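Worksheet: the structure to be examined is printed underneath.
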Amino acid sequence: MRWEGGRRSGVEDRRGMGGPGMIGGGGIVVVLIALAGYYFFGIDPQAVMSGLESVQGGQQQEASVGNPQDEAGAFVDVIHTSANDTWAEMFQAQGKRYEPSKVVLYDNATGTGCGTGQAAMGPFYCPADNRVYLDLNFWSTLDQQLGAKGDYARAYVIAHEVGHHVQNQLGISDYVEQQSRQVSKSAANALSVKLELQADCYAGVWANRSNTKMNWLEAGDIEEAIGAASAVGDDTLQQASQGRVVPDSFTHGSSADRIKWFRTGFARGNPQDCDTFGV
């Protein structure tokens, strides 16, 4: 992916600041592997972190916004900026106002608007403060443990999380949350799957439109994104962790469905094709 030179709007860099409830380095990877299928990509941080907040406190840290000088930080800055720019243009074309998300880089643990965020949760979006949270150590887990290699696999992660921000802007997240309170656990899981698959589709929309504008795709990039989508399918992770697949417990969708919806968004770059709730 030819991302160098892309526009940068800055990140909130909390790396090196420490944070509440930090986890020992040896335990992080183990927890990440075990929980990746459930907390990776668009977890509901308000539900997951509520318990942590009561024990550890969820005091939000503050850091200045700027352009990271390291390559890993610069990459996140470019991709996150591109995703926001892409959605701002589409919202404007519909006569709507888009409020950009922000991205926070941190180590191990940090305060968020949703409570205490920890690296073991993987990348996540907090709707309470409109921020995407990312511990860059997750890239090693994505690559080495989950087998999703390449910079475009990482770009897919970021674009998916911004997709959750788009859902929050459109009121889709609130709708799912309200409906989930009124139905059974399995039905609520099914709603969660639809929400996640739509964010996958939105990531595909970004992939299409950003490449039209920047011409930054290289051979193998889309395959890297598809590899990431496949690696974090509920069925793949359940089979690896427990030796069996329980579809009623899916919260993010099967590998096949995640690939399908990313491809759907990428095919035309049209968010109208991403109506997972109408399928």
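Checking the structure you have, find out if any residue of the range 109-123 is closer than 12 Å to residue 164 by Cβ and β-branched (Val, Ile, Thr).
No, the range 109-123 contains no residue that is closer than 12 Å to residue 164 by Cβ and β-branched (Val, Ile, Thr).
Of everything in the range 9-18, what is part of a loop (DSSP other than H, G, I, E, B) and buried (at least 19 other Cβ atoms within 10 Å of the Cβ)? Give them in sequence order.
Once the filter is applied, which keeps residues that are part of a loop (DSSP other than H, G, I, E, B) and buried (at least 19 other Cβ atoms within 10 Å of the Cβ), the range 9-18 yields 14, 15.
May I ask you to say which residue of 169, 145, 198 is over 20 Å from residue 76 (Cα atoms) and out of contact with any helix residue (DSSP H, G or I) (no Cβ under 6 Å at 6 or more places or on another chain)?
169
Scanning the range 41-94 for residues that are among the hydroxyl-bearing types (Ser, Thr, Tyr) and in a helix (DSSP H, G or I), which turns out modelled with the lowest pLDDT?
Among those that are among the hydroxyl-bearing types (Ser, Thr, Tyr) and in a helix (DSSP H, G or I), it is 54.
For the subset of the range 245-266 comprising residues that are out of contact with any Asp or Glu (no Cβ under 7 Å at 6 or more places or on another chain) and modelled with pLDDT of 90 or more, which member is surrounded by the fewest Cβ atoms within 10 Å (Cβ to Cβ)?
Out of the qualifying residues, it is 256.
Can you confirm whether the range 119-132 contains a residue that is in contact with a helix residue (DSSP H, G or I) (Cβ under 6 Å, 6 or more places away or on another chain), crowded, with 17+ Cβ neighbours inside 10 Å, assigned to a helix (DSSP H, G or I) and free of Cβ contacts under 8 Å to residues at least 60 places away in the same chain?
Within the range 119-132 (the criterion being in contact with a helix residue (DSSP H, G or I) (Cβ under 6 Å, 6 or more places away or on another chain), crowded, with 17+ Cβ neighbours inside 10 Å, assigned to a helix (DSSP H, G or I) and free of Cβ contacts under 8 Å to residues at least 60 places away in the same chain), the answer is no, since none of the residues qualifies.
The values are calculated or read from the model by the stated rules, or taken from the named source; none is laboratory data. In this text, all values refer to a predicted model and were calculated from it rather than measured experimentally. We place every Cβ from the backbone using ideal geometry, glycine too, and count neighbours over all the protein chains shown.
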